[in-house]
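Below is one structure, written out as structure tokens; comments come after it.
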Amino acid sequence: MARKRKGRDISGWIVIDKPAGITSTAVVNKVKWALEAKKAGHAGTLDPEATGVLAVALGEATKTVPYITDALKAYRFTVRLGQATNTDDAEGEVIKTSDIRPEDAEITEALSAFIGNIQQVPPKFSAVKIDGQRAYKLARDGEDVELSARPLWVEELLLVDRPDVDHVELEMTCGKGGYVRSIARDLGAALGCYGHVLKLRRIWSGPFEASNGLSMEHIKELERTPALDEHIQPLEIGLDDLPELRCSEEGATKLRNGNPGMVFAADGVEYGDEAWASLNGQAVAVGIYKAGELHPSRVFVRPS
């Protein structure tokens, strides 16, 4: 018999402005404990030294994580020119150096090659799996790691500041699966000067913004108090990129049981589209719209 999971049945999103020096998993665990939540997860890992938006899903909101993960996100990051490291960031060992320092115009021109549908090789020190093992573990063990290129959509990549000849600040808006460290590495290679990420901040992810995120200090101040609950955002925010279809009580009952349920048509929603059904503004299910019904793939269970 499975052991019953302890904690509160709470669902929704809480947005953290993650500090440097802590893993994404550790942040989730701290938030889960602070809220006494039964279940929690996050929508997109940040490296331990990276800062910014870490959206933590609670309870039934964890079922909407894929939609946030797939959404566009934006990063602001500093590239250190003239040095390549084995990790493609400042945590690694410097393995190559160069005295070349490109002009701003050269950098701007080189950035154009990284916009649109590109192919990107993840860093050797990454969580990509090779024969069931994480690449970073193999790399730490001294193995020669070879990773295949992966597609990435980059909507925008801009030079926003040049503090000095050794550093450039960039902003990138991209889709799922982007490695900022790979952009820094490949940009440095394209410019003939090498490069690695010195600082990285995720400024927004889907509907969530770092400027609205809670600090870990604030979480600690409010932990296990009703005041922290006031910062929980609705589960439905995770479905912002999907069309909403209203349903009746009867339709909702069928959907909650995993069966197709009748929904009311909405402008722009066509046969075969993915959508979510709502009753009184609350999400009931996500599924595929077919001939007046939603065929559910995910059902949301609310406490009675």
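The values are calculated or read from the model by the stated rules, or taken from the named source; none is laboratory data. Since the model is a prediction, treat every value here as computed from it, not as a measurement. Counting neighbours? That spans all protein chains shown, and the Cβs are built from the backbone with ideal geometry, glycine included. Heavy atoms of the whole protein, side chains included, go into the accessibility calculation; ligands, DNA and RNA do not. Shrake-Rupley method; radii C 1.70, N 1.55, O 1.52, S 1.80 Å.
Some points to look at:
- Inspection of region 269-291 finds no residue satisfying the criterion of being open to solvent by less than 80 Å² (accessible area, probe 1.4 Å), within 14 Å of Lys63 (Cα to Cα), in contact with a strand residue (DSSP E or B) (Cβ under 9 Å, 6 or more places away or on another chain) and part of a loop (DSSP other than H, G, I, E, B).
- Qualifying residue in region 171-182 (condition: assigned to a strand (DSSP E or B), over 18 Å from Ala110 (Cα atoms) and modelled with pLDDT of 95 or more): no
- Among the criteria (1) open to solvent by 70 Å² or more (accessible area, probe 1.4 Å); (2) among the polar types (S, T, N, Q); (3) at pLDDT 95 or above, the one Ser148 does not fulfil is (3).
- When region 51-76 is limited to residues that are surrounded by fewer than 23 Cβ atoms within 10 Å (Cβ to Cβ) and among the hydrophobic types (A, V, I, L, M, F, W, C), the one that is nearest to Leu235 (Cα to Cα) turns out to be Val65.
- Hey, Lys254 closer than 20 Å to Leu54 by Cα, among the basic types (Lys, Arg) and either under 27 Å from the mean Cα position of the chain (by Cα) or at pLDDT 95 or above (or both) or not: no
- When Leu228 is tested against (1) modelled with pLDDT under 95; (2) surrounded by 18 or more Cβ atoms within 10 Å (Cβ to Cβ); (3) of a type outside the set (Lys, Arg), only condition (1) is not met.
- Check on Arg101, in contact (Cβ under 8 Å) with a residue 60 or more places away in the chain, surrounded by 18 or more Cβ atoms within 10 Å (Cβ to Cβ) and basic (Lys, Arg): no
- Residue among Gly281, Gly287 that alone is modelled with pLDDT of 95 or more, under 22 Å from Pro234 (Cα atoms), in contact with a helix residue (DSSP H, G or I) (Cβ under 9 Å, 6 or more places away or on another chain) and not hydrophobic (A, V, I, L, M, F, W, C): Gly287
- Taken over region 13-41, the residue count meeting the criterion of being in a loop (DSSP other than H, G, I, E, B) and closer than 21 Å to Tyr67 by Cα is 1.
- Tally, over region 1-20, of residues that are open to solvent by less than 60 Å² (accessible area, probe 1.4 Å) and either out of contact with any Asp or Glu (no Cβ under 6 Å at 6 or more places or on another chain) or modelled with pLDDT of 95 or more (or both): 11
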